[in-house]
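Undergrad: First the structure, then my questions, so here it is.
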Amino acid sequence: MTVTVVFIQGAGSGAHDEDLLLARSLGEHLGPDYAVEFPRMPEEDSDDAAWLDAIGEALDGATAPLALVGHSVGGYCLVKYLTERPAPPPVGVLCVIAAPFPSADPFWTIDGFDLPPDVGERLPKDTRVLLYASEDDEVVPFAHRDLYAAAIPQAVTRTTSGGHQLGDDLRVVADDIRALLG
């Protein structure tokens with residue numbers, strides 16, 4: 001049985017190309033029993049609706065077992081998608097990597113960049129949530145991970161290194177996915 005892993009990139013010009021290294025690392029560390037899909041997201045579109053629609057298209061036809069992995073804004077958008085849109089096939093694990101938390105600080109206070117106050121309760125009940133952040137992240141402050149953990153009390157937190165891109169090495173994420181879905 002092949003596990004489908006959908007990796008959602010971060011935002012900004014060139015983000016898909018930059019996060020390709022993360023997606024490749026994830027695939028290499030997961031091995032042949034996992035199919036990592038890496039759809040292109042609307043990098044320059046700051047509208048959440050466009051991102052949520054693109055995620056919906058990426059998940060259309062996906063089958064269980066399913067793992068969702070989101071980096072940076074991609075992680076935020078996956079959380080938002082799972083709280084607002086019709087559920088895809090059962091999501092076994094949600095991995096949120098270096099994601100900005102809405103209104104956590106002035107830089108991340110943007111109209112429309114928000115999550116429902118009951119985000120933890122709205123996530124699918126059987127989905128295991130893992131939150132990853134590097135203390136040396138130069139883009140999203142490490143404290144954002146703890147804000148997600150407070151909002152999603154069922155989540156497990158992981159402290160990584162390697163800056164915002166985790167040194168382009170997602171071995172820890174792959175190990176968690178294999179342990180939870182393997």
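Undergrad: Answer yes or no as to whether GLY162 is at pLDDT 95 or above and small (Gly, Ala, Ser). If you could, list the steps in order and put the result at the bottom.
TA: Working: at pLDDT 95 or above: yes; small (Gly, Ala, Ser): yes.
Answer is yes for this residue.
Undergrad: Hey, ASP126 hits all of (1) modelled with pLDDT of 95 or more; (2) surrounded by fewer than 13 Cβ atoms within 10 Å (Cβ to Cβ); (3) among the acidic types (Asp, Glu) but one; which does it fall short on?
TA: (1)
Undergrad: For segment 105-118, check the following and say yes or no: at least one residue is under 20 Å from THR4 (Cβ atoms), touching a residue at least 40 places away in the same chain (Cβ under 8 Å) and of a type outside the set (Ser, Thr, Tyr).
TA: no
Undergrad: Residues PRO90, PRO100, PRO65, PRO86: which one is at pLDDT below 95, surrounded by 16 or more Cβ atoms within 10 Å (Cβ to Cβ) and closer than 27 Å to GLN154 by Cβ?
TA: Unique residue meeting the criteria: PRO65.
Undergrad: List the number of the failed condition for ALA99; all other conditions in (1) in a helix (DSSP H, G or I); (2) in contact (Cβ under 8 Å) with a residue 24 or more places away in the chain hold.
TA: Of everything listed in (1) in a helix (DSSP H, G or I); (2) in contact (Cβ under 8 Å) with a residue 24 or more places away in the chain, ALA99 misses just condition (1).
Undergrad: VAL36 passes all but one of (1) closer than 23 Å to VAL140 by Cα; (2) not in a loop (DSSP other than H, G, I, E, B); which number fails?
TA: Unmet condition: (1).
Undergrad: Being surrounded by 20 or more Cβ atoms within 10 Å (Cβ to Cβ) and out of contact with any His (no Cβ under 9 Å at 6 or more places or on another chain) is the filter; apply it to segment 133-146 and report the residue that is nearest to ARG178 (Cα to Cα).
TA: ARG145
Undergrad: Across segment 141-155, which residue is nearest to ILE97 (Cα to Cα) among those that are part of a loop (DSSP other than H, G, I, E, B) and either hydrophobic (A, V, I, L, M, F, W, C) or without any contact (Cβ under 8 Å) to a residue 12 or more places away in the chain (or both)? Can you show your working first?
TA: First, pick out the residues of segment 141-155 that are part of a loop (DSSP other than H, G, I, E, B): 141-142, 152-155.
Right, trim to either hydrophobic (A, V, I, L, M, F, W, C) or without any contact (Cβ under 8 Å) to a residue 12 or more places away in the chain (or both) and you get 142, 152, 155.
Details: PHE142: 11, ILE152: 14, ALA155: 13 Å.
Filtering segment 141-155 for residues that are part of a loop (DSSP other than H, G, I, E, B) and either hydrophobic (A, V, I, L, M, F, W, C) or without any contact (Cβ under 8 Å) to a residue 12 or more places away in the chain (or both), the one nearest to ILE97 (Cα to Cα) comes out as PHE142.
Undergrad: Which members of segment 16-53 meet the condition of being modelled with pLDDT of 95 or more and of a type in the set (Gly, Ala, Ser)?
TA: ALA23, SER25, GLY27, GLY31, ALA35
So that you can scan it fast, the table gives a plain yes or no per residue for (1) touching a Ser or Thr at 6+ places or on another chain (Cβ under 6 Å); (2) assigned to a helix (DSSP H, G or I):
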{"residue": "GLY10", "(1), (2)": "yes, no"}
{"residue": "GLU28", "(1), (2)": "no, yes"}
{"residue": "PRO42", "(1), (2)": "no, no"}
{"residue": "ALA64", "(1), (2)": "no, no"}
{"residue": "CYS95", "(1), (2)": "no, no"}
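Undergrad: Here are LEU78, LEU131: which of them is modelled with pLDDT of 95 or more, within 16 Å of the chain's Cα centre (by Cα), in a strand (DSSP E or B) and within 25 Å of ASP53 (Cα to Cα)? Working first, answer last.
TA: Values: LEU78 fails: in a strand (DSSP E or B).
Within the list LEU78, LEU131, the selection yields LEU131.
The values are calculated or read from the model by the stated rules, or taken from the named source; none is laboratory data. Predicted, not measured: the structure shown is a model, and the values here were computed from it. Cβ sites come from the backbone with ideal geometry, for glycine too, and all protein chains shown count toward neighbours.
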